[in-house]
Every structure is written in structure tokens, then in C-alpha cells.
Amino acid sequence: MKILSVHSFAVHGTASLKAMLSILGTRVLPVPSLFLTGLTNIQGHRKTAVEFEPLLRGSLEIAAAQEEKLILYVGYLGAPAQVDIIQQAIQDFRSSIQYIIVDPVSGDHGRPYVPASILQRWPELLEKADWSFPNLTELKLHAGLKLEAFYTFEDIIQAFQARFPRLSFIATSLPHKEKQMKVGLWDRQKWQTFSHPKLPHQFGGTGDVFASYFTLSHFFEGKSPVESMEFAALQTLKCIEYTVQAQSPYLEIRPSHTFGGRH
């Protein structure tokens, strides 16, 4: 099985397709939704559009001809029209696509960071997805809740689950006790959490690293969702620790962390 990943590709920094390629290697069929000279939090970055439709459909046509089974992964979108292209591709190549994973990259820290025209289209893909990895801000955005209003965490989860009842998802980067973070898994009508130490450092791309490790563990190594959530959280934490030790401004992924290496 391969993972056909629709995501942005940045030259500088580690996130999106670069994170996924580092962790999953040749299992990935990369389909950039746009090119970036650097992550969007890097001063001076530029965006370059791609010929998205022929790239996506051509990649799917080859996979179908080779009878490859696919995971379709959708992350950062370059334009609202890409949603229409992806939906048509799902319809046309459904026999090749075994699972659909959607990471609705649209906001963090209580604010959206994609245009409203893209934000409004994400629910269409979430309704088709089997798995998703929203952070707390994205849970509120796509549950139809107001970012500025106060809700209990239980209210947010219930609102998101009610809007997407067939979706299994992991809520990432949830605040917990002092110096701790938490991730939460909703699968088969059950809610399970895993807590881990919180480091006083932030790097772009940790969500992509988490999703990549979960995908590696669950879909390619056959581990349970709970085991895969814990593995992904701890491996992401190790990447942050390694980045701090290396004094790098961008997230670093050690070779020993990739291709199923459980160190």
C-alpha cells in the first residue's frame, strides 16, 4: 500500500510533505498542493502555484494501472478549487483508495491562518474522511463554534463529533496539567487520551510529524490506534528534544526515527 499525499512542499523548514517523506520514505506518492520557498512563518517566504489537477489525476491513473492500494492523505490546500478536484478524484478512483485521511490545516493558537474561502471547504472533505488530526483551534473552526467564545473541552469534542459522526480523529496539542500536553483519540464511539511532557519550545511541522508517525504505526505496521497515538506522540517529543539539542531553528527528524525504527 502507498500513501498518496496532497500537501504543501516547503524548501526551508520541516513540515508537510518534507516531514512525511522523511518518516514514510518511498511509501509516499507526493502531490504538492503548492510550493513554498519556506514555511509560512519564515520571513520572506513565497508561494508558487502548481498544475494540481494533472499531477493528482496522473498520479492516480498510474497507481490504478499498477493496481496499487492507496491511502489518500489531504493536508494543506493551495486553493479552494482543489477541493472540487480532490472530490472528483475520490469518485473516479474510489476502487484504488482504501482509506482517506484529512488533516484540516487551517488554524492554531485560537486563530485561523488560511483564507476563509479554503476554510469553508474543509467540512466537505472531513465528511468523506476515515481519519483526521485536528488541533484544538481546528476542532472549534470545523465544529461551527466561535473561536472567541468559551466552551468546555467536552462541548468542543461533542460538537465536532456530532458534525462528523463517521469520522475517527485524534485531537492534538491539547493543554493538560502544568508542563504536560495531551492528545485524545475518538474511535468506535470511545474517547481515550495520552499525556506527555510539555517542552517550552515550539516548532512548525510537529502536527505533520505526529500524523506521519501515526500513519506509519497504524496503517503500515498494523498497531492499534491507541498504540499508534502513543508512539506518534513520543516520537514527536523526541524530535523536539533533538531539535533543541541541535540548536536548529527548524524541526529536525533523526534518521533512526524513520522507516519504522522504534528507538
- prompt: Of everything in region 233-252 that's under 18 Å from the mean Cα position of the chain (by Cα), touching a residue at least 40 places away in the same chain (Cβ under 8 Å) and not in a loop (DSSP other than H, G, I, E, B), which residue is nearest to residue 98 (Cα to Cα)?
  reply: 233
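Take the conditions more than 16 Å from residue 74 (Cβ to Cβ), out of contact with any Pro (no Cβ under 6 Å at 6 or more places or on another chain) and at pLDDT 90 or above and apply them to residue 125. Does it pass?
So residue 125 does not fit the description; no.
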field: Criterion (open to solvent by less than 30 Å² (accessible area, probe 1.4 Å), of a type outside the set (Lys, Arg), closer than 15 Å to residue 129 by Cα and under 14 Å from the mean Cα position of the chain (by Cα)) met by exactly one of 100, 90, 23, 86
entry: 100
field: Selection within region 129-170 - over 19 Å from the mean Cα position of the chain (by Cα) and aromatic (Phe, Trp, Tyr)
entry: 150, 151, 153
- prompt: Which residues, counting only those in region 176-195, are in contact with a Ser or Thr (Cβ under 9 Å, 6 or more places away or on another chain) and in a strand (DSSP E or B)?
  reply: 180, 181, 182, 183, 184, 185, 186, 187
query: Among the residues of region 139-161, is there at least one that is of a type in the set (Ser, Thr, Tyr), exposed (fewer than 15 other Cβ atoms within 10 Å of the Cβ), part of a loop (DSSP other than H, G, I, E, B) and at pLDDT 95 or above?
result: no
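The values are calculated or read from the model by the stated rules, or taken from the named source; none is laboratory data. None of the values given here were measured: they were computed from a predicted structure. FYI the Cβ positions are ideal-geometry reconstructions off the backbone, even for glycines, and counts take in every protein chain you see. Side chains included, ligands, DNA and RNA excluded: accessible areas come from the protein's heavy atoms. Shrake-Rupley method; radii C 1.70, N 1.55, O 1.52, S 1.80 Å.
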